[in-house]
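> First the structure, then my questions, so here it is.
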Amino acid sequence: MALRKIRDSLGLTMREVENASTIILRRHGNEEYLIPPSRLSDIETKGVVPSVFRFYCLAAIYHKPVGELFQLYGIDPDGTSADWDASRPANSHLVTLESDPGVCKMPVKMDPGFDLRETSDLGRMVQQWGTVPFSLLGHLASQDYTYGFIGSQDFTMYPILQPGTFVQVDESKRVVVEHPWRSECERPIYFVETREGFTCCWCSLRLNSLVLQPHPLSPTPVRVLKHPQDAEVIGQVVGVAMRIGNLHSGELQASRVSPRPKTDAALPPSDNLKAVAGLDLRSVSRCNTTG
């Protein structure tokens with residue numbers, strides 16, 4: 001049932017899970033990755049344990065670490081060392097602890113001509129790559145961040161933020177800033193949790209209510225929710241990873257006829273245009289990650 005709840009929270013159907021697993025199957029050339037609806041139903045309702053290939057596939061489709069899915073079955077992937085005494089190999093051998101900090105490759109020396117003000121090929125600007133312990137990267141971070149994913153049917157901030165965008169959210173910036181912004185690019189975008197899920201949008205406060213303001217070109221309506229009972233600001237969006245040019249016009253058209261979310265109140269459409277200034281996998285998903 002836990003896997004079913006995860007799938008429902010992302011707004012994925014069994015058929016969509018199968019389609020996603022087919023893509024992964026083709027990438028790896030292994031039929032073991034395929035998750036037909038009948039097998040997924042058995043996993044969700046009959047206690048059938050997924051194979052290691054399907055664990056991997058579900059983790060990728062649900063945007064979860066494999067270890068988190070293991071824990072749903074009472075398995076701690078980092079706890080194997082506690083059971084080492086179950087076997088006593090006769091031969092001496094090397095051992096590796098899962099909790100040992102790993103290392104990653106990252107730029108350690110940049111070209112002197114590298115200028116952050118100009119668009120450039122980052123690969124050509126790196127003069128030297130080096131290994132850096134992951135434990136060190138934790139000390140480089142000065143703030144805690146949440147990482148969100150804008151779902152395939154969330155057009156709240158379109159075209160500024162397209163569906164499929166990953167956003168970095170600074171949780172220290174939870175206060176909605178009111179200011180006469182000179183352009184929509186200056187106005188802060190907030191990551192908001194509501195009773196229906198998550199969304200990215202512009203925000204403003206009205207007494208004890210939070211106004212969730214979409215982009216004027218978005219088909220999503222303005223929402224007014226009680227604050228903080230029905231809407232909580234998680235933080236401000238401070239970074240994005242977004243592909244461009246991959247949105248089909250049919251997707252936007254489909255979003256215009258999709259059911260509108262329930263609201264406590266609604267602003268007239270004119271407020272959409274006067275402003276200066278979503279995840280289910282079809283809304284915005286939140287990943288609790290720091291660093």
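> Within the bounds of region 46-67, is there any residue that is under 20 Å from the mean Cα position of the chain (by Cα), more than 20 Å from GLU18 (Cα to Cα) and surrounded by 12 or more Cβ atoms within 10 Å (Cβ to Cβ)?
Within region 46-67 (the criterion being under 20 Å from the mean Cα position of the chain (by Cα), more than 20 Å from GLU18 (Cα to Cα) and surrounded by 12 or more Cβ atoms within 10 Å (Cβ to Cβ)), the answer is yes, since at least one residue qualifies.
> Follow-up question, since we're still on this one. Kindly check whether there is at least one residue in region 115-122 that is more than 24 Å from the chain's Cα centre (by Cα), modelled with pLDDT of 80 or more and farther than 26 Å from THR13 by Cα. Talk me through it step by step, then tell me what you get.
So the first thing to find is which residues in region 115-122 are more than 24 Å from the chain's Cα centre (by Cα), and the list is 115-122.
Still in the list and also modelled with pLDDT of 80 or more: none.
Checking region 115-122: not a single residue is more than 24 Å from the chain's Cα centre (by Cα), modelled with pLDDT of 80 or more and farther than 26 Å from THR13 by Cα.
> Would you check if there is a residue in region 234-245 being assigned to a loop (DSSP other than H, G, I, E, B), among the β-branched types (Val, Ile, Thr) and not assigned by TED's automatic domain parsing to the domain that holds SER9?
For region 234-245, residues assigned to a loop (DSSP other than H, G, I, E, B), among the β-branched types (Val, Ile, Thr) and not assigned by TED's automatic domain parsing to the domain that holds SER9: present.
> Filter region 165-207 down to residues that are within 19 Å of ILE234 (Cβ to Cβ) and either of a type outside the set (Gly, Ala, Ser) or not assigned by TED's automatic domain parsing to the domain that holds GLN153 (or both), then give me how many there are.
Qualifying residue count, region 165-207: 30.
> Which one is farthest from ALA231 (Cα to Cα), of the residues in region 188-200 that are at pLDDT below 95 and not acidic (Asp, Glu)?
If we take residues in region 188-200 being at pLDDT below 95 and not acidic (Asp, Glu), then CYS200 is farthest from ALA231 (Cα to Cα).
> Among the residues in region 97-114, are any touching a Pro at 6+ places or on another chain (Cβ under 9 Å) and at pLDDT 70 or above? Quick ask: steps written out before the conclusion?
Of region 97-114, the ones touching a Pro at 6+ places or on another chain (Cβ under 9 Å) are 98, 101-104.
From what is left, the residues that are at pLDDT 70 or above are none.
No, region 97-114 contains no residue that is touching a Pro at 6+ places or on another chain (Cβ under 9 Å) and at pLDDT 70 or above.
> Now a separate question. Just to be sure I understand, how many residues within region 222-234 are surrounded by 18 or more Cβ atoms within 10 Å (Cβ to Cβ) and more than 20 Å from the chain's Cα centre (by Cα)?
Start the filter on region 222-234 by keeping residues that are surrounded by 18 or more Cβ atoms within 10 Å (Cβ to Cβ), which leaves 222-225, 227, 231, 233-234.
The next check asks that each one be more than 20 Å from the chain's Cα centre (by Cα); those that pass are 222-225, 227.
Number satisfying all stated conditions: 5.
> If the Cβ limit is 7 Å and pairs must be 6+ apart or interchain, which residue in region 1-28 that is among the small types (Gly, Ala, Ser) pairs with which residue that is in a helix (DSSP H, G or I)?
So the pair list comes out as ALA20/ILE61; SER21/TYR33; SER21/CYS57; SER21/ILE61.
The values are calculated or read from the model by the stated rules, or taken from the named source; none is laboratory data. Fair warning: this is a prediction, and the values are worked out from it, not measured in the lab. Every residue, glycine as well, gets a Cβ built from its backbone with ideal geometry; the counts of neighbours run over all protein chains shown.
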